[in-house]
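J.: Before anything else, here's the structure in question.
The values are calculated or read from the model by the stated rules, or taken from the named source; none is laboratory data. Keep in mind that this is a model prediction, so the values were computed, not measured. Quick reminder, even Gly has a Cβ in these numbers, built from the backbone with ideal geometry, and neighbours come from all protein chains shown.
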């Protein structure tokens, strides 16, 4: 498989190829790493990378059908604890910080089959409407127009997905940090409702319950399957969502009324890109 073939498929499609042994996790990891190196030079979307350890983990990965088993993945450089990668929250103060154990969500990402090989960029402390930090050497640029904004704190993840480095990446959202970069970069971003995705065990909530973790993807079905795999009650959490039949299963449910989509063509804030460089 070459990069264009890799980029043409979403996560569900690549998972099907992995499950049928048409490609291997190591093959996909090598493609993703090569793409990350190339696109990062132009967009500055990556803050940490494990280009040595990740291929080894990929070569040892056991495929589990029905998941995203063996798929390359990016973790946001937020406070999500993972033993696989250091973090900084976009700040030189926390540069190189390492977690002693995984957060519940990092464990669920791993059980879903994702193989994390890098952290995506964020603004300092994830607290700005644009993703730019001195720690990261400047702004994370929109891949469609390098002079335009890539959005809020999950912008590194959105840029990586838009470039085709990975089909799905971790994001988080308090005041628009999944939704804004997704809009700027032309990908799909959904903020999960409070309690849908676990935030423990080291904390119970963020921003008084306003913030939540999730993913950014190129297709609705990728996000639906991801939420099925990472969502669900966490013991000790202050909030919980009702369980249903599953988001991926719900995609086959017909609409009772015609679908209407609003399109806002005149941005009131930062300009977004229009050309893929």
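J.: Being over 17 Å from the mean Cα position of the chain (by Cα) and under 25 Å from residue 231 (Cα atoms) is the requirement here; does residue 135 meet it?
T.: no
J.: Output the residues belonging to region 241-277 that are at pLDDT 85 or above and surrounded by 10 or more Cβ atoms within 10 Å (Cβ to Cβ).
T.: Passing the criteria: 241, 246, 247, 248, 249, 250, 251.
J.: Scanning region 197-214 for residues that are over 30 Å from residue 65 (Cα atoms) and in a loop (DSSP other than H, G, I, E, B), which turns out nearest to the chain's Cα centre (by Cα)?
T.: 211
J.: For residue 191, which of the numbered conditions (1) touching a helix residue (DSSP H, G or I) at 6+ places or on another chain (Cβ under 7 Å); (2) surrounded by fewer than 20 Cβ atoms within 10 Å (Cβ to Cβ); (3) part of a loop (DSSP other than H, G, I, E, B); (4) free of Cβ contacts under 8 Å to residues at least 60 places away in the same chain fails to hold?
T.: The failed condition is (2).
J.: Taking the condition surrounded by 20 or more Cβ atoms within 10 Å (Cβ to Cβ) and assigned to a helix (DSSP H, G or I), does residue 18 pass?
T.: Spelling it out, residue 18 is indeed surrounded by 20 or more Cβ atoms within 10 Å (Cβ to Cβ) and assigned to a helix (DSSP H, G or I).
J.: May I pose another question? Show the residue pairs meeting these rules: Cβ distance below 8 Å; 6+ apart or different chains; first residue within region 20-32 and on the phi < 0 side of the Ramachandran plot and free of Cβ contacts under 8 Å to residues at least 24 places away in the same chain; second residue in a loop (DSSP other than H, G, I, E, B) and surrounded by fewer than 20 Cβ atoms within 10 Å (Cβ to Cβ).
T.: Taking only residues 6 or more apart or on different chains, the pairs are 23/1.
Yes or no, residue by residue, for (1) modelled with pLDDT under 95; (2) outside any loop (DSSP other than H, G, I, E, B); (3) under 26 Å from residue 44 (Cβ atoms):
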residue	(1), (2), (3)
158	no, yes, yes
162	no, yes, yes
166	no, no, yes
182	no, yes, yes
195	yes, no, no
216	no, yes, yes
221	no, yes, no
225	no, yes, no
